[in-house]
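The values are calculated or read from the model by the stated rules, or taken from the named source; none is laboratory data. Bear in mind that the values here come from a model prediction, so they are computed numbers and not experimental data. Virtual Cβ from ideal backbone geometry, glycine too; neighbours counted across all protein chains shown. Heavy atoms of the whole protein, side chains included, go into the accessibility calculation; ligands, DNA and RNA do not. Shrake-Rupley method; radii C 1.70, N 1.55, O 1.52, S 1.80 Å.
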Amino acid sequence: MKIIVCIKQVPDTNEVKLDPKTNTLIRDGVPSIINHDDKAGLEAALQIKEQTGATVTAVCMGPPQADVALREALAMGCDEAYLISGREFGGSDTCATAIIISAALKKIGYDLIITAIDGDTAQVGPQIAENLGIPQISYAEDVQIDGDVLTVKRQYEDRYHIIEVKLPCLLTALQELAEPRYMHAGGIVDAYEKDIPVITFDDIKDSINPAHIGLKGSPTNVVKSFTKQAKGAGAILNVEPDEAVEEIMKCLAEKHII
């Protein structure tokens, strides 16, 4: 069984800087890490590998420096890694990104694909599954495997779904799916001795329409981006519980909220 884990490299900082013209991240000079939810997906894949003898391949679409994130995945225990990179892919929205990744995965091959919820849009994973014509289960919180059948616990509002699905399929992982392991020294050394193939536009151009990728080919665009603003310190009311409601209502009235 071949497991593909799609990972994303994100800035390792709370001070995210944005290009005011393109509304895209400014990555220069900012250290990057693997997205935390993606690490949960990686760990789940590695646990299945230990149970079944499957192989795990990490795939990342990004600039050349995303090589570092892929080597971290190799150091955790992945068997191989691929970087999807090219100027033609720059500025792609979720739809264009899914088109590019889907074309690359057709080239690599897969049985099980695991993605995260990609920056809270939760779109790329399902779009990949639709492009590949395979079943998908989103918000996976637990997964068990028996042969070619997965039993997945899916988070759903105030309850859970227990769903069985046959391979090939795609899962989108929540952070609760698994607690990521640490890299070890031997794994880090091995990771930097491995080659990471780069899949470029030329490698998949026969499978995609150039008009549907990149910034110009994206059907959606970001009108405005801004960093999260810090909130002021909250007020602590040192009162008895039966007085709390009255004090809160008084504070809300003073601020003309009610």
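Specify the residue that is nearest to Asn35 (Cα to Cα); the eligible residues are those in the range 127-161 that are among the small types (Gly, Ala, Ser) and open to solvent by 30 Å² or more (accessible area, probe 1.4 Å). Top of the filtered list is Gly133. Only one of the numbered conditions (1) part of a helix (DSSP H, G or I); (2) at pLDDT below 95; (3) open to solvent by 30 Å² or more (accessible area, probe 1.4 Å) is not met by Gln47, and that is (2).
Here is a check on your reading of the model: is Glu164 open to solvent by 60 Å² or more (accessible area, probe 1.4 Å) and either acidic (Asp, Glu) or at pLDDT below 95 (or both)? Yes.
Quick grid of which residues meet (1) in contact with a strand residue (DSSP E or B) (Cβ under 8 Å, 6 or more places away or on another chain); (2) modelled with pLDDT of 95 or more; (3) part of a strand (DSSP E or B):
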| residue | (1), (2), (3) |
| --- | --- |
| Ile99 | no, yes, no |
| Asp120 | no, no, no |
| Ile134 | yes, yes, no |
| Leu171 | yes, yes, yes |
| Glu176 | yes, no, no |
| Glu179 | no, no, no |
| Tyr182 | no, no, no |
| Ile188 | no, no, no |
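Within the range 197-215, residues that are within 19 Å of Gln127 (Cα to Cα) sit with their Cβ atoms under 8 Å from residues that are open to solvent by less than 70 Å² (accessible area, probe 1.4 Å) and part of a loop (DSSP other than H, G, I, E, B), at 6+ positions apart or across chains, in these pairs: Ile213/Ser92; Gly214/Gly90; Gly214/Gly91; Gly214/Ser92; Leu215/Thr22; Leu215/Gly90; Leu215/Gly91; Leu215/Ser92. Looking only at residues in the range 72-126 that are in contact with a Leu (Cβ under 9 Å, 6 or more places away or on another chain) and among the polar types (S, T, N, Q), the one that is surrounded by the most Cβ atoms within 10 Å (Cβ to Cβ) is Thr115. So is Lys39 modelled with pLDDT under 95, in contact with a Pro (Cβ under 9 Å, 6 or more places away or on another chain) and within 21 Å of Tyr110 (Cα to Cα) or not? For Lys39, the condition - modelled with pLDDT under 95, in contact with a Pro (Cβ under 9 Å, 6 or more places away or on another chain) and within 21 Å of Tyr110 (Cα to Cα) - is met. Within the range 54-66, residues that are under 16 Å from Ala116 (Cα atoms) reach partners that are at pLDDT 90 or above and of a type outside the set (A, V, I, L, M, F, W, C) with beta carbons closer than 6 Å, at six or more positions or on different chains, in the pairs Val56/Lys49; Val56/Asp79; Thr57/Glu80; Val59/Tyr82. For the range 57-68, the set of residues classified as aliphatic (A, V, I, L, M) and touching a Leu at 6+ places or on another chain (Cβ under 9 Å) consists of Ala58, Val59, Met61, Ala66, listed by residue number.
Looking only at residues of the range 190-217 that are in a helix (DSSP H, G or I) and not hydrophobic (A, V, I, L, M, F, W, C), we find that the one that is nearest to the chain's Cα centre (by Cα) is Gly214.
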